[in-house]
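The values are calculated or read from the model by the stated rules, or taken from the named source; none is laboratory data. All of these numbers come straight from a predicted model, not from anything done at the bench. Using ideal geometry, Cβ is built from the backbone for each residue, glycine included, and neighbour counts are taken over all protein chains shown.
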Amino acid sequence: EYHQRFFNPEESKEYTPKIIGLLERNNDNEIISAFQQVRPAHDKPFAWYITGSKIILKDKQGYPLLFMAAAIPVDSLHILAQKAQRVLDENKFLKNNYYLFEKLTKREIEILKLIAIGTSNETISQKLFISEETVATHRKNIKRKLNCKTTFDCSRFAAAFDLI
């Protein structure tokens, strides 16, 4: 009843054999994908989704124990693809630059956060009770340690390392 209520029976004929094949091949590195019509709620019409499916857990004998399918509405696919790419890029940035970020002191991290949100040296100095010259020195050291040429570069570090 559940399957008939939420999945188009005609579409099921297309992708069900792919799912069965995946389970029979028992290859946990394989991912299958399919376009399918899904009813997001019992009172809603069918909508197109793209679904990726994968074996994610096997039992002690090596047989599939847990299977996961993730579905994304096709209408919003372009937006999600852009967001996913940003996450992938940020992840790569984190991996490639973690060693640089580790060089910063606690105070420099505090100042980096303020720089990233556009705070002036004067305001930073007042907020942290240090001179503007000290802020300028910290700013210079941060840029040197992170190989930043612009404030935008600093902001990218702050965003990637969850400071902003």
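Going by what's in this entry, would F46 be described as surrounded by 14 or more Cβ atoms within 10 Å (Cβ to Cβ), aromatic (F, W, Y), touching a residue at least 12 places away in the same chain (Cβ under 8 Å) and at negative phi?
Numbers: surrounded by 14 or more Cβ atoms within 10 Å (Cβ to Cβ): yes; aromatic (F, W, Y): yes; touching a residue at least 12 places away in the same chain (Cβ under 8 Å): yes; at negative phi: yes.
So F46 fits the description; yes.
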Just one of the numbered conditions (1) in a helix (DSSP H, G or I); (2) modelled with pLDDT of 85 or more; (3) closer than 30 Å to A160 by Cβ; (4) of a type outside the set (A, V, I, L, M, F, W, C) is not true of P17; which one? (3)
Within 30 Å of the chain's Cα centre (by Cα), touching a residue at least 12 places away in the same chain (Cβ under 8 Å) and surrounded by fewer than 13 Cβ atoms within 10 Å (Cβ to Cβ): does that describe E30? yes
Condition first: surrounded by fewer than 16 Cβ atoms within 10 Å (Cβ to Cβ) and either of a type in the set (A, V, I, L, M) or touching a residue at least 12 places away in the same chain (Cβ under 8 Å) (or both). Can you find one or more residues in the stretch 148-156 that meet it? yes
Within the stretch 116-135, the residues that are outside any helix (DSSP H, G or I) and farther than 26 Å from F93 by Cβ are S120, F129, I130, S131
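Please enumerate the residues belonging to the stretch 93-107 that are part of a helix (DSSP H, G or I), in contact with a helix residue (DSSP H, G or I) (Cβ under 9 Å, 6 or more places away or on another chain) and either touching a residue at least 60 places away in the same chain (Cβ under 8 Å) or more than 13 Å from A160 (Cβ to Cβ) (or both).
Taking the stretch 93-107 first, the residues part of a helix (DSSP H, G or I) are 93-101, 106-107.
In the following step, the residues that additionally are in contact with a helix residue (DSSP H, G or I) (Cβ under 9 Å, 6 or more places away or on another chain) were identified as 93-94, 97, 100-101, 107.
Across the stretch 93-107, the qualifying residues are F93, L94, N97, F101, R107.
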Only listed residue being of a type in the set (K, R) and touching a Ser or Thr at 6+ places or on another chain (Cβ under 9 Å), chosen from K18, K92: K18
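This table checks each residue for (1) of a type outside the set (V, I, T); (2) in the same structural domain as F35 (by TED's automatic domain parsing); (3) part of a helix (DSSP H, G or I); (4) modelled with pLDDT under 95.
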{"residue": "K83", "(1), (2), (3), (4)": "yes, no, yes, yes"}
{"residue": "I109", "(1), (2), (3), (4)": "no, no, yes, no"}
{"residue": "L114", "(1), (2), (3), (4)": "yes, no, yes, no"}
{"residue": "T137", "(1), (2), (3), (4)": "no, no, yes, no"}
{"residue": "I142", "(1), (2), (3), (4)": "no, no, yes, no"}
{"residue": "R156", "(1), (2), (3), (4)": "yes, no, yes, yes"}
